[in-house]
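Step one of this worksheet: look at the structure below.
Every number in this text was worked out from the coordinates using simple rules, so none of it is lab data. Everything numeric in this text was worked out from a predicted model, so none of it was measured. So basically every Cβ, Gly included, is an ideal-geometry build from the backbone, and we count neighbours across all protein chains shown.
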Amino acid sequence: MEQTDTFELGGRALTSRLFTGTGKYGDDGLIPAVCEASGSQVITVALRRVDLDKGADNVMRHIPGHMTLLPNTSGARTADEAVRIARLARAMGCGNWIKIEVISDNLYLLPDGYETVRATEILAREGFVVLPYMNPDLYVARSLANAGAAAIMPLGAPIGTNRGLRTEEMIRILIEEMSLPIIVDAGIGTPSQACQAMEMGAHACLVNTAIATAADPIGMARAFGQAVQAGRRAYLAGLGSVAALARASSPLTGFLDQEEGGI
Amino acid sequence: MRVIVNGREMMLDGGLSLRDLIASVHADPAVVVAELNRNIVPSSAFSETMLQDGDRVELLSFVGGG
């Protein structure tokens, strides 16, 4: 099954449906082992000013060379700022994928749908592979598809909260109605939640906080990798229907010591 | 000359290239992207891009993020 179940995205044929992040690590040196344990092939980074007193941080030295880089536009509060950051990220020469993150709400870090659509229009036209982070809103999703997004990335819960798939019903609607790939991004706190997202039919999950802040990030990365695989397998195998009443698993006839004529 | 780098006002000698500036802040040009007066300067042009009085420079690099 693994040979044929590839996720075609931005010209790549991905065999892992777990995307990972590089934020919040107590020790960036863990990142290579986390990538290996997770099996992930796509990894996010942010773009920030060089510290003039300490020199340039460079998370790239921890990222295995085979991985596809997904810079985010975190820090952008408007479409114009996101476009500016995206162009700078591309100038690094590490590819043309971009995660659009346009946020001006500091409490919940909720993405601004309007600005995200505007940024997507501009950047898709400039040839970026655009993966916009969004609230699971069907109208915004359709606008993003029309704007040229390669996939859409609805949140399960606010960034870093580990609250799981709070938006589950809305994500189900997107999966049902959108032909564009759906990558659940933000809020996934446990492997079981990632598994659930995949069972629902999501194309992939992006997990950062739950792995980076685990007591054992490498172990957690392995668990998430397995969970995403399990959920995908379950989805492809066809989950059974859900019922209100019991339906016996064993035959209802032929019981030992049964009266003549059945129950 | 007065150049604003990452929002900080710096007084620099004349005849300084962007590459010189990056080196002076102990950064590796291979991992830095630069914007000069809101225009992206490709890394291939760092050495020949000379700074002038009043220039605004942004130097950025990739850091951990989700």
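How would you classify the range B:2-61 from its alpha-carbon gyration tensor, with a ≥ b ≥ c the square roots of the eigenvalues: rounded for a/c under 1.5, else prolate if a/b is greater than b/c, otherwise oblate? Cα axes put the range B:2-61 in the rounded bin. Electrostatic tally near residue A:202: other residues with Cβ closer than 13 Å to its Cβ, Lys and Arg +1, Asp and Glu -1, net -1.
Given axes a ≥ b ≥ c from the Cα gyration tensor, I'd like to know whether the range A:188-253 is rounded (a/c under 1.5), prolate (a/b larger than b/c) or oblate. Note, shape of the range A:188-253 comes out prolate.
Taking a ≥ b ≥ c as the square roots of the eigenvalues of the Cα gyration tensor, the range A:1-121 is oblate, since a/c reaches 1.5 or more and a/b is not larger than b/c. Highest GNM mean-square fluctuation among A:140, A:102, A:184, for chain A modelled with Cα contacts below 10 Å: A:140.
Close amide H contacts of residue A:185 (hydrogens built in the peptide plane, cut-off under 5 Å, sequence separation of 5 or more or a different chain): A:155, A:156, A:206.
Evaluated on the protein assembly as shown, the Kirkwood hydrodynamic radius is 21.4 Å, with distances taken between all distinct Cα atoms. Backbone amide hydrogens, once placed in the peptide plane, bring residue A:51 within less than 5 Å of A:57, excluding anything fewer than 5 places away on its chain. The ranking of A:59, A:130 by Cβ neighbour count inside 10 Å, starting from the fewest, reads A:59, A:130. For residue A:103, neighbours were defined as the other residues whose beta-carbon sits under 10 Å from its Cβ, and their charges (Lys and Arg +1, Asp and Glu -1) total -3. Restricting the range A:117-189 to chymotrypsin sites (Phe, Trp or Tyr not before Pro) that sit in a DSSP loop and have at most 10 other Cβ atoms within 10 Å of their own Cβ leaves nothing. Springs between Cα atoms under 10 Å define the GNM used for chain A, and in it the highest mean-square fluctuation of A:210, A:237, A:37 occurs at A:237.
The loop-placed trypsin sites (Lys or Arg not before Pro) in the range A:65-153, going by DSSP, that have at most 15 neighbouring Cβ atoms within 10 Å of their Cβ come out as A:77. Taking trypsin sites (Lys or Arg not before Pro) across chain B, the ones in a DSSP loop with at most 10 further Cβ atoms lying within 10 angstrom of their Cβ are B:38. Using the Cβ-Cβ distance between residue A:253 and residue A:190 with R0 set to 56 Å, the FRET efficiency from 1/(1 + (r/R0)^6) comes to roughly 0.85. Remark on residue A:72: its backbone amide H falls under 5 Å from those of A:45, A:46, A:47, A:99, a criterion applied only to residues 5 or more positions apart or on other chains, H modelled at 1.01 Å from N.
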